[in-house]
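The values are calculated or read from the model by the stated rules, or taken from the named source; none is laboratory data. All values derive from a computational prediction rather than experimental measurement. Cβ placement follows ideal geometry from the backbone for every residue including glycine, while neighbour counts extend to all protein chains displayed. What goes into the accessible areas is simple: the full protein's heavy atoms, side chains included, and nothing from ligands, DNA or RNA. Shrake-Rupley method; radii C 1.70, N 1.55, O 1.52, S 1.80 Å.
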Amino acid sequence: MHITQLNRECLLHLFSFLDRDSRKNLASTCPQLQDVFEDPALWPLLHFRSLTELKKDNFLLSPALRSLSICWHSSRVQVCSIEDWLKTALQRSICSRHESLVNDFLLQVCDRCPNLASVTLSGCGHVTDDCLARLLRCCPRLRALRLENCARITNRTLTAVAAHGRALQTLHVDFCRNVSAAGLRRLRAACPRLTLRAEHSAAMIPDQPPRGPHAPSAALRKLLLR
């Protein structure tokens, strides 16, 4: 029996065992398998291990997506986490190549995946409060939002959770240094049933842009970057 003689249910089951690249390669062999590849039922879960994977065309974003995770563990994450005013020209150049990747991808998710229930972002140093606020508004069924080492996340995300996270049951903001203890207290008061975890976040030193005569010298910036 040729693979194309299998019914659609069997083909979907077969595709479910393959990784994204293998699914794409198999789909390129004939229109029938391409049609199976484009079936939303095949894509309820997406997990990305690097930012470059977000730029590939080996997956489908659709209303069937329920769980999304982007977990980037790379030495470049440390560069992303450095305050903008402390970055060297080389570090700014490194960040410029991927600075908007996660935000742009999440905006597509907002437009195409209204039934999303779980989002995990780890090491996404450039994701912004505005982007997460839009995600909360566009995905009203979101039940779990887990953030780890997202340096640009501030109390504004906590405010958005209180305003728009009506279905949210779990929120993690671990190692997010710009989330404050006061912001966490306000969120706990506004959403007492929310399971909230903020490992090390409120205890970390938040970013403070240099001002006037207190701005660090070039020598001090180099010392801080060591």
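Starting from residues that are among the hydroxyl-bearing types (Ser, Thr, Tyr) and outside any loop (DSSP other than H, G, I, E, B), keep the ones in the stretch 49-95 and report whichever is least open to solvent (accessible area, probe 1.4 Å). It would help to see each step written out before you state the result.
Within the stretch 49-95, the first condition is being among the hydroxyl-bearing types (Ser, Thr, Tyr), and the residues that meet it are 50, 52, 62, 67, 69, 74-75, 81, 88, 93.
Still in the list and also outside any loop (DSSP other than H, G, I, E, B): 52, 67, 69, 93.
Working: Thr52: 86, Ser67: 36, Ser69: 19, Ser93: 46 Å².
Selected residue: Ser69.
Quick one: count up the residues across the stretch 187-208 that are under 20 Å from the mean Cα position of the chain (by Cα) and open to solvent by 60 Å² or more (accessible area, probe 1.4 Å).
Number satisfying all stated conditions: 4.
When you scan the stretch 13-32, do you find a residue that is open to solvent by 60 Å² or more (accessible area, probe 1.4 Å), closer than 17 Å to Val127 by Cβ and out of contact with any Lys or Arg (no Cβ under 8 Å at 6 or more places or on another chain), even just one?
Scanning the stretch 13-32, I find no residue that is open to solvent by 60 Å² or more (accessible area, probe 1.4 Å), closer than 17 Å to Val127 by Cβ and out of contact with any Lys or Arg (no Cβ under 8 Å at 6 or more places or on another chain), so the answer is no.
Are any of the residues in the stretch 121-129 modelled with pLDDT of 95 or more, open to solvent by 30 Å² or more (accessible area, probe 1.4 Å) and within 21 Å of His73 (Cα to Cα)?
Yes, there is a match, as at least one residue in the stretch 121-129 is modelled with pLDDT of 95 or more, open to solvent by 30 Å² or more (accessible area, probe 1.4 Å) and within 21 Å of His73 (Cα to Cα).
Restricting to the stretch 159-186, name every residue that is open to solvent by less than 20 Å² (accessible area, probe 1.4 Å) and more than 26 Å from Arg112 (Cβ to Cβ).
Answer for the stretch 159-186, where residues must be open to solvent by less than 20 Å² (accessible area, probe 1.4 Å) and more than 26 Å from Arg112 (Cβ to Cβ): Asp174, Cys176, Val179, Gly183, Leu184.
Six or more apart or on different chains, Cβ atoms under 8 Å: show the pairs whose first residue is in the stretch 124-136 and more than 17 Å from Arg166 (Cα to Cα) and whose second is aromatic (Phe, Trp, Tyr).
Cys124/Trp72
Residue check, Ala41 against (1) in contact with a helix residue (DSSP H, G or I) (Cβ under 7 Å, 6 or more places away or on another chain); (2) open to solvent by 50 Å² or more (accessible area, probe 1.4 Å); (3) more than 24 Å from Asn115 (Cβ to Cβ), all met but one. Which one?
If we test Ala41 against (1) in contact with a helix residue (DSSP H, G or I) (Cβ under 7 Å, 6 or more places away or on another chain); (2) open to solvent by 50 Å² or more (accessible area, probe 1.4 Å); (3) more than 24 Å from Asn115 (Cβ to Cβ), just (3) comes out false.
I need every pair where a residue in the stretch 79-94 that is assigned by the TED database to the domain that holds Asn149 has its Cβ under 8 Å from the Cβ of a residue that is assigned to a helix (DSSP H, G or I) and small (Gly, Ala, Ser), sequence separation at least 6 or different chains.
Nothing qualifies.
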